[in-house]
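Heads up: the structure comes next, in structure tokens.
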Amino acid sequence: MKKSAEYVTKRELSELIGVSKRTLTTWQQEGMPFELENQRHGGLVGRYDPAEVALWLLESGRGLFNPRVAERVWEFVEASAHTTEADQS
């Protein structure tokens, strides 16, 4: 997974795309991209790049049956494309 400045927590990702944290856990088991990060006080926590998750959802077809999720996915893809274009300028 490439590095990005915009990582979010599972709770934040759940709210952003409108699915439960349980659904996100299932998607992780099915290959959704995420990274584990060490916490200062021990333990690991997942972090997610919304643009990479959106691309995975498009490629895998998961979640796109839900119009709200599909809409949010396209918003991330478009925002990511604009960010990439700006970075190349």
Confirm whether PHE76 is at pLDDT below 75 and of a type outside the set (A, V, I, L, M).
yes
Would you point out the residue of the stretch 19-37, among those that are of a type in the set (A, V, I, L, M, F, W, C) and either in a loop (DSSP other than H, G, I, E, B) or under 20 Å from ALA70 (Cα atoms) (or both), that is modelled with the lowest pLDDT?
VAL19
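If you go through the stretch 38-64 one residue at a time, how many are of a type outside the set (Asp, Glu), in contact (Cβ under 8 Å) with a residue 12 or more places away in the chain and not in a helix (DSSP H, G or I)?
Counting residues in the stretch 38-64 that are of a type outside the set (Asp, Glu), in contact (Cβ under 8 Å) with a residue 12 or more places away in the chain and not in a helix (DSSP H, G or I) gives 6.
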Tell me, please, whether a residue that is at pLDDT 85 or above, loosely packed, with under 15 Cβ neighbours inside 10 Å and of a type in the set (Gly, Ala, Ser) can be found in the stretch 53-62.
yes
Would it be correct to say that HIS82 is more than 21 Å from GLU6 (Cβ to Cβ), modelled with pLDDT under 80 and more than 13 Å from the chain's Cα centre (by Cα)?
no
Taking the stretch 1-17 and keeping only residues that are under 18 Å from GLU71 (Cβ atoms) and buried (at least 16 other Cβ atoms within 10 Å of the Cβ), one is left with VAL8, LEU13, SER14, LEU16, ILE17
For GLY61, state whether it is under 15 Å from PHE76 (Cβ atoms) and more than 9 Å from the chain's Cα centre (by Cα).
no
Residue check, GLU12 over 16 Å from ARG72 (Cβ atoms) and among the acidic types (Asp, Glu)
no
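The values are calculated or read from the model by the stated rules, or taken from the named source; none is laboratory data. These figures come from a predicted structure and were not determined experimentally. FYI the Cβ positions are ideal-geometry reconstructions off the backbone, even for glycines, and counts take in every protein chain you see.
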